[in-house]
Structures are given as C-alpha cells and as structure tokens.
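The values are calculated or read from the model by the stated rules, or taken from the named source; none is laboratory data. Because the structure is a prediction, the values reported are computed rather than measured. Positions of Cβ are backbone-derived with ideal geometry, glycine not excepted, and every protein chain shown enters the neighbour counts. The accessibility values were calculated without ligands, DNA or RNA, using every heavy atom of the protein model including side chains. Shrake-Rupley method; radii C 1.70, N 1.55, O 1.52, S 1.80 Å.
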Amino acid sequence: MFFNRYCWMSVWASLITVFLHAQGPLSSDVIDIYFSHSIDESVLGNQQPAGIGYQAMLNALISKINQAEQQIDVAMYNNSRSDITNALKAAHARGVRIRYIAAAATSNYALSPAPPFPVLYGNSNALMHNKFMVIDPELPDKAWIMSGSLNWTTSNITQDYNNLLFIQNQALAKAYQTEFEEMWGGAGGQPVPSNARFGSAKTDNTPHSFQIGGKTVQLLFSPSDGVTEHIVDALATADHCTDFALFSFTKNEIGNILVDMFDNTGIPVQGMIENTNDLGCEINYLNSNGLPVFGHFPSGNLHHKYGIVDAGFSASQPLVITGSHNWTQAAESANDENTLILHDPDIALLFKAEFNRRWAENLSSTQSPLESQWRLYPNPVSERLTIQSVAPTLLKIHSIEVWDITGRLLTSGQAPESDAIL
C-alpha cells in the first residue's frame, strides 16, 4: 500500500489525537496554603494564602473529604474532632474506601467508638506523628494530598499556630499512598498488621523530587529518608536570610549549620521555638553564638515546623521546609513523619508573612519575671528609648540589649546606675 507524505501526516495527527484523548485530564498542580492565624500581608504583594483562620482550615478539610470519589487514606497523629470524623463516615457511607492510621500513643477521642471504616494504630515504640491525607490517587485531576503541621484536635485547630497544605498532583499523591501502604501492611482495604512497617522498620521506597506547576517539590519521610541531612542542605542554600518557627528543636546538625551561616557568611538567622525546655534544646547554643532566637510567649502553642530560606529574594531560589517533622532526634530516627521542601518564591513569601506576624507578636509579648519593675517609653520608639526602673537597685545587676522587630541587635551594654536613655 502506498502512502504519500500527506497521508502519513494525517495518520500521525490521528495518533496524536488518540493519545491525548487516552491521556485524559491532567493534574492541575494547585498548591493551597492555609494558616491558622493572621499574617503580615504587607510582604505578600498581590498573592494571598488560600485561607486564614481555623474556620477556613476546617472548611477546607471537610470540603476535600466531601468531594472524594473513590478513596481516602489518612495518617493522623491525633483526632478529637467529631465533625471531621463524621465527614469521613459520610464518605464511607457513599462508597468511598476509607483507610485510617492513627498513633498508638494518643487518645484519638473522635475514633471512639470505633468508626465503620478500618483504623490501624501504629508505632507503639515511638510516634506515628504524621498529619497527612491522600484523596483519590487514581484520578489525575482529583488526586489531592493534605500535609502541614495541623493535628485534627480542637486545640490545634482553634488555638495553636499551624499551617495546612493541599496539593493537587497525582504523582505526589501516589508517593504518599506508597508510604501509607507501607505502614498499612499492604494495598488492600483492611490493614495487615503482620506486614505493617513503622519507624525504623520502614524503607526508602518513594520518589523524592517532583515538578508541580513549575515548582520543584521535595518529599521526604522519616525515619527512612535521612531528613535531617536534607534540611541542612536546604538551609545551606541561603544567600540572604533564614527564618524558622518550630515546636521543638534539638538537632545539633541543624543548629550547627545556622550558626555557621551566621558566623561565616553574615546571613541573618532568626527563629522561634515553643518547647525551649526540651532536653537538648538548641536555643541556648544559638543565643550564645549571637543568633536572635526566642521562646514563643503568646498563648497557644507555636506548633509549626517550618524553615524559610531567602524569602523576598527570588533570584536566590527561595524555599520553605514544612510538614510534621520537628527538628529533633526522635523525628529523625524513630517517628513516622513527612516533610515537604517547596522551592518557590511565592510560597516563601507566604510563610514569611506568617513568620513576620508571629515574630512581631512574640517580641511584643515577651514576659520577664522583672517586667513590672521597668518602664519603657515611648512605645513604639523611633529615635530615643528611655528605660526606667521603679526599683533602682535592679539596675546594678542587669545588662541591656535592644533588638528591632527584624531581629537586629541595635545596642547593648551594662545597665547604668540610673535611668538609661538609648
């Protein structure tokens, strides 16, 4: 049979049409980011997070569950929210396959009495500390993952400081599903406890790098993937600035890279830590090397686990580290955790806006046992600050440091014998 070049062109065009039709809808690569409390919108430009406040986060969670068509896999450290559990029950009732992994170490009040879908309680040796959900991984345009720092508890949703991410990408959803099924013990609807792997028994069996909407996104699971090394490597890319907000920070390697950056390159580093009394907390080491790192003083736990590199400097490839992984030895070697490293200037600015608001609130809320013994005026200050003691003898035993809202040390010295004007 003879085909001229026009016939071949027609055949190729038909094959391309058939291929595109067979390929079907593609992932939208949407990345929606929510914060539980207000942010500093002055740094955002024209962009905004997908939602702010606990109600926006809760609505997004329940909406995504309600939209599921085929399956939902949940790996959640703790759950006391009957409204979220009821949404899962309703999805189960309409035929969506629900599989749920909870931490053996927590109460999970909302899972008692036992729901109609199977629940596996895992990692009795440490913590199943994940907070992720996978929705419809077999449907390219409907496959979502949920990640971030948020537990499904009333205090974590309504009072504490958290971030929540929803990402629509099938490849990423499939990777999370692989991790889930390693803990679940198989691919079936019921868990297989004899095959279930938690903590150090898990293997490094998922892809780690994804292109999502033109953004490079790294995915790491603990303790199989050497997450601390990746966090150190990510922080080491900083050219201009690094910020972090953490519930717990005890990992020496990460403290060392921050001090090294600050001392050897002069890159500003500033951070906040909730649990400053944890054994081995890095705050004293960081402070002793001149880094402005503070405990978190306002009410509500700073439950975030994020780091930000070079926000506002798009040419320096800004990034954000977030997920369930505190910067601790337990997260590195024993707990089940997930971490996302998102390389994107817009996402970095979103988290910078969150950080700036917490930083300003934190400095203005810093408490001292001697606070009632001092008067500082004017407040706010522009050129001159007067520090006056109502108990003058205290001035003999205190030094003074004045920091601005960006974490820059303006002046320091021994307290004088009388009122100080700085």
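Number of residues in the stretch 260-317 that are in contact (Cβ under 8 Å) with a residue 24 or more places away in the chain, part of a loop (DSSP other than H, G, I, E, B) and not polar (S, T, N, Q) equals 21. Answer yes or no as to whether Phe35 is without any contact (Cβ under 8 Å) to a residue 40 or more places away in the chain, aromatic (Phe, Trp, Tyr) and touching a helix residue (DSSP H, G or I) at 6+ places or on another chain (Cβ under 7 Å). Against the criterion (without any contact (Cβ under 8 Å) to a residue 40 or more places away in the chain, aromatic (Phe, Trp, Tyr) and touching a helix residue (DSSP H, G or I) at 6+ places or on another chain (Cβ under 7 Å)), Phe35 does not qualify. Take the residues of the stretch 307-321 that are within 25 Å of Glu337 (Cβ to Cβ) and surrounded by fewer than 24 Cβ atoms within 10 Å (Cβ to Cβ): which is nearest to the chain's Cα centre (by Cα)? Here the answer is Asp310.
Residues are listed down the side, and each one gets a yes or a no for (1) open to solvent by less than 10 Å² (accessible area, probe 1.4 Å); (2) at negative phi; (3) touching a Cys at 6+ places or on another chain (Cβ under 9 Å):
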site	(1), (2), (3)
Ile231	yes, yes, no
Phe262	no, yes, no
Glu274	no, yes, no
Asp278	no, yes, no
Asn284	no, yes, no
Gly290	no, no, no
Gly300	no, no, no
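Every test in (1) assigned to a loop (DSSP other than H, G, I, E, B); (2) touching a His at 6+ places or on another chain (Cβ under 9 Å) is passed by Ala245 save one, and that test is (1). Of the candidates Ala171, Ala126, Ala103, Ala110, the single residue that is closer than 30 Å to Leu26 by Cα, more than 18 Å from the chain's Cα centre (by Cα) and of a type in the set (A, V, I, L, M) is Ala171.
Screening Phe244 with (1) among the hydrophobic types (A, V, I, L, M, F, W, C); (2) open to solvent by 50 Å² or more (accessible area, probe 1.4 Å); (3) in contact with a Gly (Cβ under 7 Å, 6 or more places away or on another chain) gives one miss only, at (2). Examine the stretch 168-182 for a residue that is open to solvent by 10 Å² or more (accessible area, probe 1.4 Å), part of a loop (DSSP other than H, G, I, E, B) and of a type outside the set (S, T, N, Q), and state whether such a residue exists. Within the stretch 168-182, none of the residues are open to solvent by 10 Å² or more (accessible area, probe 1.4 Å), part of a loop (DSSP other than H, G, I, E, B) and of a type outside the set (S, T, N, Q).
Restricting to the stretch 88-108, name every residue that is farther than 25 Å from Glu337 by Cβ and either open to solvent by less than 40 Å² (accessible area, probe 1.4 Å) or part of a helix (DSSP H, G or I) (or both). Once the filter is applied, which keeps residues that are farther than 25 Å from Glu337 by Cβ and either open to solvent by less than 40 Å² (accessible area, probe 1.4 Å) or part of a helix (DSSP H, G or I) (or both), the stretch 88-108 yields Lys89, Ala90, Ala91, His92, Ala93, Val96. Considering the stretch 126-145, the residues that are in a loop (DSSP other than H, G, I, E, B), under 11 Å from Ala173 (Cβ atoms) and touching a helix residue (DSSP H, G or I) at 6+ places or on another chain (Cβ under 6 Å) include one that is most open to solvent (accessible area, probe 1.4 Å), namely Pro140.
Among all residues of the stretch 114-125, there is none that is open to solvent by less than 20 Å² (accessible area, probe 1.4 Å) and under 27 Å from Gly53 (Cβ atoms).
The set of residues from the stretch 322-361 being buried (at least 24 other Cβ atoms within 10 Å of the Cβ), in a helix (DSSP H, G or I) and among the acidic types (Asp, Glu) comprises just one member, Glu354. Quick check on the stretch 183-228: of everything there that is touching a residue at least 40 places away in the same chain (Cβ under 8 Å), touching a Phe, Trp or Tyr at 6+ places or on another chain (Cβ under 8 Å) and β-branched (Val, Ile, Thr), which residue is surrounded by the fewest Cβ atoms within 10 Å (Cβ to Cβ)? Applying the filter and picking the extreme gives Thr216.
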